[in-house]
Amino acid sequence: MKKTLILLFALCPFWLHAQESTESLIRENILRACVNTCPYEYRPAAETPVPKGYNAFYISHYGRHGARTDWAPAEYDYGKTLALYNSASAAGLLTPEGEAVRAQIAEIIRLVDGMGGRLTELGAQEHRQIASRMYKHFRKVFRQGSRKVRAVASISPRCLVSMAASTSVLTACDPSLDISWDSDPKYMRFMVTDSPKHIRAQTDRIQSDFRKAHVPDTAAFLARIFTDPAKARPLVGDAATLMLRTFFVALNTGSFELDPVILRAFKTEDLARYEECTSQEQYLRHCNSLPFGDERMKLVRPLSEEFVGKAEDAIASGNCVADLRYGHDSQLIAFASLLGIEGIGERRGVEDAAQWRGCFGTPFASNLQTVFYRDRRGDILVKFYYNEREARLLTLPDGPYYRWSDVKSLLLR
């Protein structure tokens, strides 16, 4: 019975996870509390059979870079956080668990080594594994015609290394593939966009309000970290701020595949509120939200046009079997939201945005694979895979196989 339940969970569509509480999802995997610094989870799911007479011939892909080191906001500098824990340790005020947290903070600082945003070995591995599965799943696509693959990356080093890791696997799978690589500041107009400053300012205020409305259990946290919380108070200052400082360091845990010592020092309920706060911010800034979506979606048009242009070229010429793009989460979820990918494209308000599952929508190495199918008459269908799971569109009827003409009209409207 237990195995059956696990299988059903693995096969259920993206949106069904929204029915579960944030706490239950974090209990299954504590790293999900980190949202967009959560490592990639490969969760295979059932697929709808390809309509009779249609064969896959082209793949258009956009993938976020893999696991990377994080940056501390200026007011939560990692070094200052460690100094606070070191002072408590010197005063004999840390419990064994507190000492373990202090040691891991020091280890994370050593591993980050001042290089925020650097791809880690796990990040490269995530892309190697995704590319390997993509090749095996669509082997016939890669083995036809010119075998030309076009790869382009954001100028960010973590995206360039992700592209290198991914395409190296494709070359190993099939040395006859003709792969081109490209990156230039000119491409950044479609490889990455962010929300305007006024939207970022508003979402910052919304985040601040969320945190004020959801005060964490500071007493429980202090009791786990300090032998005498009352004596530690002069060092600690504001306890909620200490918790947030500590959590920001812990966002690096998954990228280095560390035992989640720091995260376990928090109550699950408090981690859930951190997850919801970050998910809310990510959704409001980049997805088709009710307050900001109309303005945000306009910024994705350059990628829509590039996506359509490359696809039309591949359809007409047959000179390319795959276009692979390696960029950033902000552009990926904005584009997926514009398309109306179920689980990302819903139009949520401010409060509802906190219930969006950012850990499934924007983990490291999250990706959108669009597969094109053609029959003998030349009729073309497309199917979307989000994080390697069959996805339906909220913006078009039926599915998961959609007419390319309808998708093209949707992207260029």
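The values are calculated or read from the model by the stated rules, or taken from the named source; none is laboratory data. Remember, it's a predicted structure, so these values are computed and weren't measured experimentally. All Cβ positions, glycine included, derive from the backbone under ideal geometry; neighbour counts span all protein chains shown. Calculation scope for accessible area: heavy atoms of the full protein, side chains included, ligands and nucleic acids excluded. Shrake-Rupley method; radii C 1.70, N 1.55, O 1.52, S 1.80 Å.
Quick one: which residue in V300, V215 is touching a residue at least 12 places away in the same chain (Cβ under 8 Å), exposed (fewer than 15 other Cβ atoms within 10 Å of the Cβ) and within 26 Å of Q355 (Cα to Cα)?
Working: V300 fails: exposed (fewer than 15 other Cβ atoms within 10 Å of the Cβ).
Going through V300, V215 in turn, just one is touching a residue at least 12 places away in the same chain (Cβ under 8 Å), exposed (fewer than 15 other Cβ atoms within 10 Å of the Cβ) and within 26 Å of Q355 (Cα to Cα): V215.
Among the residues of segment 303-336, those that are over 21 Å from I130 (Cβ atoms) and not aliphatic (A, V, I, L, M) comprise S304, E305, E306, G309, E312, D313, S317, G318, N319. Evaluated against (1) open to solvent by 20 Å² or more (accessible area, probe 1.4 Å); (2) among the acidic types (D, E); (3) more than 24 Å from A316 (Cβ to Cβ), D182 falls short on exactly one condition, (3). The residue list R102, R128 contains one member that is more than 30 Å from A165 (Cα to Cα) and open to solvent by 10 Å² or more (accessible area, probe 1.4 Å), which is R102. Against the definition (at pLDDT 95 or above and buried (at least 18 other Cβ atoms within 10 Å of the Cβ)), how does A165 come out, yes or no? In short, yes.
Considered as a group, the residues in segment 199-212 that are open to solvent by 50 Å² or more (accessible area, probe 1.4 Å) and either outside any helix (DSSP H, G or I) or out of contact with any Cys (no Cβ under 8 Å at 6 or more places or on another chain) (or both) include one that is farthest from G293 (Cα to Cα), and that residue is K212. Residues in segment 145-189 that are charged (D, E, K, R) and in contact with a Phe, Trp or Tyr (Cβ under 8 Å, 6 or more places away or on another chain): D174 only. Looking only at segment 309-321, residues that are within 19 Å of L411 (Cα to Cα) and open to solvent by less than 10 Å² (accessible area, probe 1.4 Å) come to 2 in all. All told, R264 meets the bar of being open to solvent by 30 Å² or more (accessible area, probe 1.4 Å), in contact (Cβ under 8 Å) with a residue 40 or more places away in the chain and under 18 Å from L82 (Cα atoms). Pairing residues of segment 78-106 that are farther than 20 Å from T253 by Cβ with residues that are surrounded by fewer than 20 Cβ atoms within 10 Å (Cβ to Cβ) and among the aliphatic types (A, V, I, L, M), at Cβ distances under 6 Å and at least 6 apart in sequence or on separate chains, gives S87/L235; A88/L235. Please verify whether L338 is aliphatic (A, V, I, L, M), open to solvent by 10 Å² or more (accessible area, probe 1.4 Å), within 30 Å of E276 (Cβ to Cβ) and in a helix (DSSP H, G or I), treating the condition exactly as stated. Judged against the criteria, L338 is a match. Pairs meeting the criteria (first residue in segment 173-197 and in contact (Cβ under 8 Å) with a residue 60 or more places away in the chain and within 22 Å of K140 (Cα to Cα), second residue open to solvent by less than 40 Å² (accessible area, probe 1.4 Å) and assigned to a loop (DSSP other than H, G, I, E, B), beta carbons under 7 Å, at least 6 apart or on different chains) are lacking. Among residues of segment 385-413 that are among the β-branched types (V, I, T), those with a beta-carbon under 6 Å from a residue that is surrounded by fewer than 18 Cβ atoms within 10 Å (Cβ to Cβ) and modelled with pLDDT of 95 or more at least six positions away or on a different chain give the pairs T395/L410. Checking each residue in segment 52-77 for being closer than 28 Å to S162 by Cβ, of a type in the set (G, A, S) and either part of a loop (DSSP other than H, G, I, E, B) or in contact (Cβ under 8 Å) with a residue 12 or more places away in the chain (or both) picks out A56, S60, G63, G66, A67, A72.
For segment 390-404, a residue qualifies if it is open to solvent by less than 60 Å² (accessible area, probe 1.4 Å) and under 22 Å from F138 (Cβ atoms), and the qualifying residues are E390, A391, L393, G399, P400, Y401, Y402, W404.
Residues in segment 371-387 that are closer than 16 Å to A56 by Cβ, open to solvent by less than 30 Å² (accessible area, probe 1.4 Å) and not hydrophobic (A, V, I, L, M, F, W, C): Y373, D375, K383, Y385. Answer yes if at least one residue in segment 250-258 is free of Cβ contacts under 8 Å to residues at least 12 places away in the same chain, open to solvent by 30 Å² or more (accessible area, probe 1.4 Å) and at positive phi, and no otherwise. Checking segment 250-258: not a single residue is free of Cβ contacts under 8 Å to residues at least 12 places away in the same chain, open to solvent by 30 Å² or more (accessible area, probe 1.4 Å) and at positive phi. Close contacts from segment 145-162, counting a first residue that is open to solvent by 10 Å² or more (accessible area, probe 1.4 Å) and a second that is aliphatic (A, V, I, L, M) and at pLDDT 95 or above, with Cβ to Cβ under 6 Å and a gap of 6+ residues or different chains, come to R147/L177; R158/L119; L160/A153; V161/L119. Of the residues making up segment 385-403, those that are modelled with pLDDT of 95 or more and either on the phi > 0 side of the Ramachandran plot or assigned to a strand (DSSP E or B) (or both) number 11.
Could you tell me whether M243 is among the hydrophobic types (A, V, I, L, M, F, W, C), surrounded by 14 or more Cβ atoms within 10 Å (Cβ to Cβ) and under 20 Å from Q104 (Cα atoms)? Considered against the rule, which asks whether it is among the hydrophobic types (A, V, I, L, M, F, W, C), surrounded by 14 or more Cβ atoms within 10 Å (Cβ to Cβ) and under 20 Å from Q104 (Cα atoms), M243 comes out as yes.
Would you check if there is a residue in segment 40-60 being within 17 Å of L263 (Cα to Cα) and surrounded by 21 or more Cβ atoms within 10 Å (Cβ to Cβ)? Scanning segment 40-60, I find no residue that is within 17 Å of L263 (Cα to Cα) and surrounded by 21 or more Cβ atoms within 10 Å (Cβ to Cβ), so the answer is no.
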